[in-house]
Amino acid sequence: GENVEQHPSTLSVQEGDSAVIKCTYSDSASNYFPWYKQELGKGPQLIIDIRSNVGEKKDQRIAVTLNKTAKHFSLHITETQPEDSAVYFCASDTGRRALTFGSGTRLQVQP
Amino acid sequence: NAGVTQTPKFQVLKTGQSMTLQCAQDMNHNSMYWYRQDPGMGLRLIYYSASEGTTDKGEVPNGYNVSRLNKREFSLRLESAAPSQTSVYFCASSEAIGAQRQQFFGPGTRLTVL
């Protein structure tokens, strides 16, 4: 089955700096790659997603890039703010069943 | 529009007790899912239901059963709880498997088995 690896597991940045989280996937049939943000005590919420026919997508301070050849996709957060502190999950979707999630990255933005 | 709701929010069980976690969605989604979340292990799929009337095993189904009661509701049952089932359980729903659409998650049930 699909396997998704996510790095780093923890990331600490200064407010205003950029943060990058990277994921790799194993199944070349994967065609949809969402990113979720989970705040303490809450369920994950979608923040951005990308489909396999697109190489990059941006939404204000958040961007996602996809390299299908290398089976890599990354989340980029610019001008980080304390409210960006949370756990972030990448996921991949082969279209055959549920999403496969990475193990998560705990992002801490220091004021 | 409440999205995905789960009950209860918290539960403490003794080893061997049984319980059912309830989940409902009001978005007219076809597919529903149950995940468990343990520290450092992300979200692991327990069972899913691609459409009303169907259920399938996920990555970690042992010790659990599910029922897709109707299009809105998908319950998870622990017949004989074990300490290894201490976890946070999330229900989710999506338009359909393969539709390249996001999953919406409920707020979670925090379960402790003593």
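FYI, it's all coordinate maths here, none of it is from the lab. The structure presented is a predicted model; accordingly, all values stated were derived computationally and were not measured. Note that we place each Cβ from the backbone using ideal geometry, even for glycine, and neighbour counts take in every protein chain shown.
Sequence-ordered 3J(HN,Hα) estimates for segment B:40-46 from the Karplus curve with 6.51, -1.76 and 1.60 and θ = phi - 60° stand at x, 10, x, 10, 10, 6, 8 Hz, glycine and proline given as x. Treating each Cα of the protein assembly as shown as one equal point scatterer and applying the Debye formula with no solvent, the log10 of I(q)/I(0) at q = 0.11, 0.18 Å⁻¹ comes out as -0.54, -1.32. Please build a GNM for chain A, connecting alpha carbons under 10 Å apart, and tell me which residue among A:Gly95, A:Gly41, A:Gly55 fluctuates the most. The residue with the greatest mean-square fluctuation here is A:Gly41. In terms of overall dimensions, segment A:10-111 has a Cα radius of gyration and Dmax of 13.4, 43 angstrom. In percent, rounded to a whole number, the relative contact order of segment A:8-56 is 27, using alpha-carbon pairs under 8 Å and six or more apart. So what does the Cα-only Debye profile of segment B:31-71 read at q = 0.16, 0.19, 0.25, 0.30 Å⁻¹, as log10 I(q)/I(0), no solvent term? Taking Cα atoms of segment B:31-71 as identical point scatterers yields -0.39, -0.53, -0.81, -1.02.
Looking at the square roots a ≥ b ≥ c of the eigenvalues of the Cα gyration tensor of chain B, which shape do they give, rounded for a/c under 1.5, prolate if a/b is larger than b/c, or oblate? Prolate, since a/c reaches 1.5 and a/b exceeds b/c. A crude spin-label estimate for the pair A:Ile62 and B:Glu79, with each label 7 Å from Cα along the Cβ direction, gives 4.1 nm.
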